[in-house]
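Structure first, then comments.
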Amino acid sequence: MSWFTQTLSGSVGKKLLMALTGLFLILFLVIHLAGNLQLLFNDGGKAFNLYATNMANNPLIKVVSYGNFFFILVHVIDGIILTMKNKAARNIRYKVATKDSKSSWASKNMALLGIITLIFLIAHLKGFWYEFKFGAIPFATYDGVEYKDVFQIVQALFSDPIYAGFYVICMIFLALHLSHGFSSAFQSMGLNHKKYTPFISKLGLVYSILIPLGFASIPICMLLGIKF
């Protein structure tokens, strides 16, 4: 296994690890958004509460969740190490760049955007996951069965304009992070071709807009009382 550890410890291996964990998290965001959009159903929170209960009790989902936390940790640590190495070697922030480089602001500040996203994630887990696991959550009854009424917790948080505003602003930073990270992940895996790279870049741009916009729409709609 020495070749494996040597590969991962090298610059190319770390970029590949960043790409693989990043792509996993990109896929996770799509699934997570699909579940969270149920908050906007006009059913008093029933669909979301059933979804949250299934997420908490399904063994496969639990494994995926733990894997997700692990990949986030690896992604963050790997990103910090790469940033420090690049900065020490070339006095830049994220990737090789020259004074006349056309690199975007996001590509030059991926570490900063990653740290902001991590801070948001910690606050997000404290407000939702921690409360679901250890907080005093009310119960709702559907068809004679009691479920944790997680919807009320979310609604209470998003009813606060300050928290809702914080959430939306963080989604802007997430969009900037994804705008470079999406295409960069494919390039790090060697998928860099004049025929496919433009399509991947456009797909990444669409993704980096729609997914954060979808998440940001949830607190805005709940704050304004908009249901579907």
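The values are calculated or read from the model by the stated rules, or taken from the named source; none is laboratory data. The model shown is predicted, which means the values in this text are computed figures rather than measured ones. All Cβ positions, glycine included, derive from the backbone under ideal geometry; neighbour counts span all protein chains shown. Side chains are part of the model used for accessible areas, which takes the heavy atoms of the whole protein and leaves out ligands, DNA and RNA. Shrake-Rupley method; radii C 1.70, N 1.55, O 1.52, S 1.80 Å.
Observations, loosely collected:
- Applying the condition of being open to solvent by 30 Å² or more (accessible area, probe 1.4 Å) and polar (S, T, N, Q) to region 198-218 and asking which residue is farthest from residue 40 (Cα to Cα) yields 201.
- The selection criterion, being among the charged types (D, E, K, R) and at pLDDT 75 or above, does not hold for residue 99.
- Considering region 31-74, and only residues there that are β-branched (Val, Ile, Thr) and open to solvent by less than 70 Å² (accessible area, probe 1.4 Å), the residue that is farthest from residue 129 (Cα to Cα) turns out to be 74.
- Whether a residue is open to solvent by 30 Å² or more (accessible area, probe 1.4 Å) and either acidic (Asp, Glu) or in contact with a helix residue (DSSP H, G or I) (Cβ under 8 Å, 6 or more places away or on another chain) (or both) was assessed, and residue 160 passes this test.
- When 61, 72, 80 are checked against the criterion of being modelled with pLDDT under 90 and farther than 24 Å from residue 154 by Cα, a single residue qualifies: 80.
- Among residues of region 175-197, those that are free of Cβ contacts under 8 Å to residues at least 60 places away in the same chain and surrounded by 18 or more Cβ atoms within 10 Å (Cβ to Cβ), counted: 2
- One residue from 179, 217 being part of a helix (DSSP H, G or I), at pLDDT 95 or above and not hydrophobic (A, V, I, L, M, F, W, C): 217
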